[in-house]
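The next block holds one structure in the form of structure tokens; read it before the comments.
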Amino acid sequence: MRIFGSRAIRLFFIAMIVAVGARDASAANYVQGTISEITFLQDGILIRVNNGVPTTTCTGAYGSWLRISSEAKPLIALITGEWLRGNIPGAAVVVYGSGLDGNNYCTVTQVDPIE
């Protein structure tokens, strides 16, 4: 049994290409920065990140706003509470977006603090 046979090497390189491609594709669905603005809607909240919006999933978002749906109650509670306590401005975050909604806002799926 050859561990490092030519087939194993080919499979290794194919796996590496797939892994790098997956990493590059996922890198475009988030933006790192600080939340610079927040506004409240009837059906959610809008936030702006100082570095814009996720590049491939949310290009063309209206006014660079990212929308957190009212269905994401824990996320809205966290962002609202931290904003009102004054903890959000200047705090680094990663915001993930899944695409534009019907109003051309970027739909937020996750917000992670950067420590």
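Over its Cα atoms, what ratio of radius of gyration to 2.2 N^0.38 Å does region 30-113 give?
0.96
Would you mind ranking 37, 115, 71, 82 so that the residue whose beta carbon has the fewest other beta carbons within 10 Å leads the list?
So the residues, fewest neighbours to most, are 115, 71, 37, 82.
Assuming R0 = 22 Å, can you tell me the calculated FRET efficiency for the pair residue 101 and residue 77, based on Cβ-Cβ distance, to the nearest 0.05?
Result of the calculation: an efficiency of 0.60.
Any read-out appearing in this document is the output of simple, stated calculations on the displayed coordinates, not a laboratory observation. Predicted model only: the values in this text are computed from it and were never measured. Backbone-built Cβ (ideal geometry, glycine too); neighbour counts: all protein chains shown.
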